[in-house]
Number of protein chains: 2
Amino acid sequence: MSSAPLAILCGAGDLPLEIARAARLDGREPFLIPVFGVATADFSAFAHEAWRLGAIGALFATLRARGIGEIALIGAMNRPDWRELRLDWGAIKRADDIAKLFSGGDDALLVGVIAMIEREGVSVVGALDVAPNLAAPSGAAGRVKPDAEDEAAAKIGFAFLEAISPFDVGQSCVVLGGRVVAVEGVEGTDAMLGRVADMRGSGRLRAKGDAGVFVKAPKRGQDTRVDLPTIGPKTVAAAKAAGLRGLALAAGQVLIADRSLTLAAADAAGLFVFGAR
Amino acid sequence: MSSAPLAILCGAGDLPLEIARAARLDGREPFLIPVFGVATADFSAFAHEAWRLGAIGALFATLRARGIGEIALIGAMNRPDWRELRLDWGAIKRADDIAKLFSGGDDALLVGVIAMIEREGVSVVGALDVAPNLAAPSGAAGRVKPDAEDEAAAKIGFAFLEAISPFDVGQSCVVLGGRVVAVEGVEGTDAMLGRVADMRGSGRLRAKGDAGVFVKAPKRGQDTRVDLPTIGPKTVAAAKAAGLRGLALAAGQVLIADRSLTLAAADAAGLFVFGAR
């Protein structure tokens with residue numbers, strides 16, 4: 001792991017704080033930059049300085065002044081309306097670059113932001129680069145263990161996600177009775193699990209007792225700094241409501257957010273959380 | 001096309017009647033066998049004889065007496081509860097075979113039924129064997145034509161369905177903005193299209209005006225006598241509600257049910273119905 005001074009640009013939710021704590025535990029004190037009007041956690045336990053979206057010049061000046069070598073962009077960030085950005089002089093100097101950023105989709109925007117930061121000599125790193133301990137491990141993460149049938153289901157799911165990888169669809173699916181019964185598209189993980197719950201409830205998807213495995217993995221070649229597959233307490237609750245037996249995650253490549261809460265919830269629900277592949 | 005006397009075992013809906021009419025137009029008068037308590041259409045325009053599920057011996061006797069060489073199983077058929085089947089002597093003689101049928105899933109049940117019929121020397125054929133004119137043609141089936149972008153979207157969809165083919169997932173997807181945004185699982189085509197409509201409505205899936213293409217094709221190696229991909233007026237209505245531009249179907253391999261109604265609805269809605277691959 002690099003020892004360059006680390007900054008974390010903080011979006012919404014508690015994840016930026018969680019990553020900051022993990023970095024501190026690893027002996028790497030981060031400097032936090034909560035995005036004004038977006039970040040929601042209490043960052044008072046860390047050195048921090050709020051930053052207004054659009055003040056690109058000020059951001060780069062801060063990074064330079066503090067000798068920041070690496071920055072991680074963590075937490076949900078709504079796509080800003082560029083007409084509402086109050087650009088500072090440093091942004092206006094880069095107006096052409098910024099205009100280009102907004103011509104593509106959300107991923108393209110983030111890819112462009114990363115490239116713009118790296119042109120300033122600061123490396124952009126991912127959450128799991130800063131806090132590898134928060135990734136799904138190899139094997140069971142909680143107390144419940146998958147059985148051979150669960151592992152076979154996980155294998156089908158990983159192979160399926162690998163097969164659809166070139167198509168930039170979702171990152172997860174549900175395998176039940178030896179086949180893929182639901183695939184995540186733009187609707188997202190929680191909506192897909194909600195659908196499985198509905199189909200169990202209506203009898204469209206029949207199975208005795210808890211059955212089925214949720215499988216999640218990044219797309220092949222995916223830049224996880226842009227889009228990191230993540231599970232958390234909500235995923236566990238949705239998997240339980242869908243009557244599943246557990247969660248199979250690509251080891252080292254999926255973030256378990258709110259780790260202790262997530263694993264406690266899984267233990268309590270009798271679900272395994274399992275890293276493999 | 002075979003000239004052997006043709007029977008149609010009729011399940012629920014109007015499709016059995018539609019196939020029977022198409023066979024008659026082709027100069028092949030079918031004998032209809034509506035399943036008692038399941039078939040719903042009015043079969044009085046054709047020679048027919050209702051049949052009670054479970055009376056296997058009677059069915060085979062009828063087929064033999066009429067010299068039937070081919071039979072098509074058409075229309076929705078709920079999985080019967082074998083405890084409620086009143087088996088006749090011909091069924092009891094085959095009790096072992098029948099017990100085995102019920103140990104697998106719905107597809108396995110139908111595969112078993114087909115094998116059992118074929119052991120009696122009667123070929124089981126598919127709807128499109130009897131009525132090839134009801135399949136999606138090559139090119140536009142209605143008045144609206146896809147443009148080059150639509151055809152590119154269809155190509156992505158067909159390639160995607162081909163890639164997931166080994167996994168026995170759904171037979172359809174929606175492509176929008178160059179990517180697959182929704183994939184059909186066990187929930188079925190209409191629910192998937194409803195999801196796309198919801199995502200358009202909520203802004204989760206953003207696009208200007210009508211956008212996106214529904215793509216449907218059979219799985220590679222799929223026995224279309226067991227599971228024939230089908231669209232109809234409901235599919236067109238759901239595609240319209242989802243704000244799509246049209247439907248791309250595997251030419252010759254997808255049944256357009258209620259053909260005139262379906263194509264009139266597509267024309268009225270400004271949607272293309274296009275056969276390719």
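May I ask you to list the residues in the range A:24-34 that are crowded, with 21+ Cβ neighbours inside 10 Å and hydrophobic (A, V, I, L, M, F, W, C)?
Within the range A:24-34, A:Leu32, A:Ile33 qualify.
Scan the range A:1-14 for residues that are under 23 Å from A:Ile256 (Cβ atoms), out of contact with any Leu (no Cβ under 8 Å at 6 or more places or on another chain) and either among the aliphatic types (A, V, I, L, M) or outside any loop (DSSP other than H, G, I, E, B) (or both) and report the count.
3
For A:Val215, state whether it is facing another protein chain (nearest Cβ under 10 Å), under 23 Å from the mean Cα position of the chain (by Cα), on the phi < 0 side of the Ramachandran plot and of a type in the set (A, V, I, L, M, F, W, C).
Spelling it out, it is not the case that A:Val215 is facing another protein chain (nearest Cβ under 10 Å), under 23 Å from the mean Cα position of the chain (by Cα), on the phi < 0 side of the Ramachandran plot and of a type in the set (A, V, I, L, M, F, W, C).
What's the total number of residues in the range B:165-175 that are among the hydroxyl-bearing types (Ser, Thr, Tyr) and facing chain A (nearest Cβ under 8 Å)?
Result for the range B:165-175: 0.
B:Gly275 versus (1) part of a strand (DSSP E or B); (2) free of Cβ contacts under 8 Å to residues at least 24 places away in the same chain: which is the lone unmet condition?
(2)
State whether one or more residues within the range B:194-209 are among the polar types (S, T, N, Q) and within 24 Å of B:Leu128 (Cα to Cα).
Scanning the range B:194-209 turns up no residue that is among the polar types (S, T, N, Q) and within 24 Å of B:Leu128 (Cα to Cα).
Working only within the range B:150-163, note down all residues that are more than 27 Å from B:Ala269 (Cα to Cα) and touching a Lys or Arg at 6+ places or on another chain (Cβ under 9 Å).
B:Glu162
Only residues that are within 21 Å of the chain's Cα centre (by Cα) and either surrounded by fewer than 16 Cβ atoms within 10 Å (Cβ to Cβ) or farther than 17 Å from A:Ile71 by Cα (or both): list them for the range A:37-50, please.
Of everything in the range A:37-50, those that are within 21 Å of the chain's Cα centre (by Cα) and either surrounded by fewer than 16 Cβ atoms within 10 Å (Cβ to Cβ) or farther than 17 Å from A:Ile71 by Cα (or both) turn out to be A:Gly37, A:Val38, A:Thr40, A:Ala41, A:Asp42.
Here's the yes/no breakdown for (1) farther than 30 Å from B:Gly270 by Cα; (2) not small (Gly, Ala, Ser):
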| residue | (1), (2) |
| --- | --- |
| B:Asp96 | yes, yes |
| B:Phe102 | yes, yes |
| B:Val111 | yes, yes |
| B:Val125 | yes, yes |
| B:Asp129 | yes, yes |
| B:Arg143 | no, yes |
| B:Ala148 | no, no |
| B:Gly170 | no, no |
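Pick from the range B:155-164 the residues that are within 16 Å of A:Cys173 (Cα to Cα) and facing another protein chain (nearest Cβ under 8 Å): which of them is surrounded by the fewest Cβ atoms within 10 Å (Cβ to Cβ)?
Among residues in the range B:155-164 that are within 16 Å of A:Cys173 (Cα to Cα) and facing another protein chain (nearest Cβ under 8 Å), the one surrounded by the fewest Cβ atoms within 10 Å (Cβ to Cβ) is B:Ala163.
So, in the range A:105-151, of the ones that are within 14 Å of chain B (Cβ to nearest Cβ) and free of Cβ contacts under 8 Å to residues at least 24 places away in the same chain, which residue ends up farthest from A:Ser3 (Cα to Cα)?
A:Gly105
Scanning the range B:36-55 for residues that are at pLDDT below 90 and among the aliphatic types (A, V, I, L, M), which turns out nearest to B:Ala127 (Cα to Cα)?
Residue satisfying both the conditions and the ranking: B:Val38.
Okay, residues lined up against (1) among the hydroxyl-bearing types (Ser, Thr, Tyr); (2) free of Cβ contacts under 8 Å to residues at least 24 places away in the same chain:
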position	(1), (2)
A:Val174	no, no
A:Val186	no, yes
A:Met199	no, yes
A:Asp210	no, no
A:Asp223	no, no
A:Leu228	no, no
A:Gln253	no, no
A:Thr262	yes, no
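Residues of the range A:65-94 being closer than 22 Å to A:Ala23 by Cα and without any contact (Cβ under 8 Å) to a residue 12 or more places away in the chain, which ones?
Answer for the range A:65-94, where residues must be closer than 22 Å to A:Ala23 by Cα and without any contact (Cβ under 8 Å) to a residue 12 or more places away in the chain: just A:Ala65.
Can you pull out the residues in the range A:253-277 that are touching a Lys or Arg at 6+ places or on another chain (Cβ under 9 Å), of a type in the set (Gly, Ala, Ser) and modelled with pLDDT under 95?
Matches in the range A:253-277: A:Ala276 only.
Is it the case, given these coordinates, that B:Ala154 is under 16 Å from the mean Cα position of the chain (by Cα) and at pLDDT 95 or above?
No: the conditions fail for B:Ala154.
Collect the residues in the range B:56-83 that are at pLDDT 85 or above and in a loop (DSSP other than H, G, I, E, B), keeping them in residue-number order.
B:Arg66, B:Gly67, B:Ile68, B:Gly69, B:Gly75
Looking only at the range B:176-208, count how many residues are more than 19 Å from the chain's Cα centre (by Cα), within 10 Å of another protein chain (Cβ to nearest Cβ) and closer than 28 Å to A:Ala153 by Cβ.
7
The values are calculated or read from the model by the stated rules, or taken from the named source; none is laboratory data. Quick caveat, the model's predicted, so the values are computed rather than measured. Reconstructed Cβ throughout: ideal geometry from the backbone, glycine too, with neighbour counts over all protein chains shown.
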